1. Excluding residues on the same chain fewer than 8 positions from LYS366, give the lysines whose Cα lies under 23 Å from its Cα.
2. Using a 1.4 angstrom probe on the protein heavy atoms only, could you order THR144, THR311 from most to least accessible area?
3. Any chance you could look up the accessible area of HIS356 with a 1.4 Å probe, heavy atoms only, rounded to 10 Å²?
4. If you rank THR375, THR38 by how much accessible surface each has, with a 1.4 Å probe, what is the order from largest down?
5. Could you pull out the pairs from LYS141/LYS272; LYS197/LYS399; LYS272/LYS342; LYS66/LYS313 whose alpha carbons sit more than 29 Å apart here?
6. Quick check: convex hull over the Cα atoms of the range 333-403, volume per residue in Å³, rounded to an integer?
7. Cβ under 15 Å from LYS353's Cβ, LYS353 left aside: what net charge do those residues give with Lys, Arg +1 and Asp, Glu -1?
8. For the chain, what is the accessible area per residue in Å², given a 1.4 Å probe and the full set of protein chains?
Amino acid sequence: DYSKVPFSLYLHPSFSSFPFHHTLHHTPFPPQKMPGLTAPSDYSKEPPRHPSLQINSKEPFNAEPKRSALIASYVTPSDFFYKRNHGPIPIVEDIDRYCVVISGLVEHSKQLFMNDIRKLPKYNVTATLQCAGNRRTAMSKTRTVKGVGWDVSAIGNAVWGGAKLADVLELVGIPKLTSVTQFGGKHVEFVSIDRCKEENGGPYKASIPLSQAANPEADVLLAYEMNGEILNRDHGYPLRVIVPGVIGARSVKWLEAINIIAEECQGFFMQKDYKMFPPSVNWDNIDWSTRRPQMDFPVQCVICSLEDVSTVKPGKVKISGYAASGGGRGIERVDVSVDGGKTWMEASRFQKKDIHYVSDDANSEKWAWVLFEITADILHSTEIIAKAVDSAGNVQPEKVEDIWNLRGILNTSWHRVRVQASHSSL
């Protein structure tokens, strides 16, 4: 019973050796090892998780918090940060032996140990990560899609601490703001120790353009802390990549290697997943090569203070939730309707409590979500809708049918909840 384990225990890195016993589902590939880090072949040594999480898949473990928990704080506690995995959680056996190898189209390869990374300037970057499949369940109601059935909480906002990738790349002779190395490297590939059935037992991997990786303003991190504490195992201990403003699939956990390559990563999750297709494409006519890997997330907002169907007491009702956009774009506006979209009101926006948020202001955290809030009179049963506009003027599409795609990614349609007004509601 994981719920009986003290959180202080499983947040501690040494927890990797703590024994848990439950039914094992063996995968057909053996454990993989690198110095100090192991990718198990089964699920016998999973970390415990908070008992309130909604589990969408047990093995591999994929879970999200209740939507009300998301808006309880601007910074999402690690316990309530969504868990997205493709295999058993790796185990660190010897942190002193753990290292990351940087190689490829560079003059000299280099091994980086944790001490080397910690010697670099440390940055704290507040950034929201969102799974590309967030709100997939709602999209699947239009037509069936393939993927983990996420509700609205495959998203979280954390303060990530670590070294900037731009500083790390300088250690192998790649100056800041480089877009092509002298040997023709144009992309930076991140390889995990994690093993996935989609890669036939090979590692999870993804890449970003070198121009982004070598740009200090892009704030790409090799992170070893989350919310001021050492990363826990679910979130990538001992080292992960954080690529702000981009779908979560590119922020690779349990980092094993960094490769400087000429073309983008050819792994499954870059080439045959996480691509946006039009509604006309199905599994019979799909051609993966016709689409680029998804990077930035479109503008998004979700009501979190109400469930999809809620009963409220007639009168004033607080409507609150989160809004976010990719690429560092701020949230210019959140519009809320309490009459099914006939009329609209503008919600107040904030990142820090009681401090009005201004899009693209120097004091706003450009990679982080924005919380919104408005109080409205709800006197009878109705549909409440929220939609956001980002600083580039991008708006959310009205209908999920218009953006339906066979993988169920990037559902950013207007978020709708139905409320029943009743004097007998508690």
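1. Straight-line reach from LYS366, under 23 Å: LYS122, LYS164, LYS176, LYS253, LYS352, LYS353, LYS387.
2. Listed by decreasing accessible area, they come as THR144, THR311.
3. Approximately 120 Å² for this residue.
4. In descending accessible area the options line up as THR375, THR38.
5. Going by Cα-Cα distance, LYS197/LYS399; LYS272/LYS342 fall outside the 29 Å limit.
6. Per-residue hull volume (Cα only) is 112 Å³.
7. 0
8. Result: 42 Å² per residue.
The values are calculated or read from the model by the stated rules, or taken from the named source; none is laboratory data. It should be emphasised that the depicted structure is a prediction, and the values quoted were computed from it without experimental measurement. Glycine gets a Cβ as well: all are built from the backbone with ideal geometry, and neighbour counts include every protein chain shown. For accessibility, only protein heavy atoms count, side chains too; no ligands or nucleic acids. Shrake-Rupley method; radii C 1.70, N 1.55, O 1.52, S 1.80 Å.
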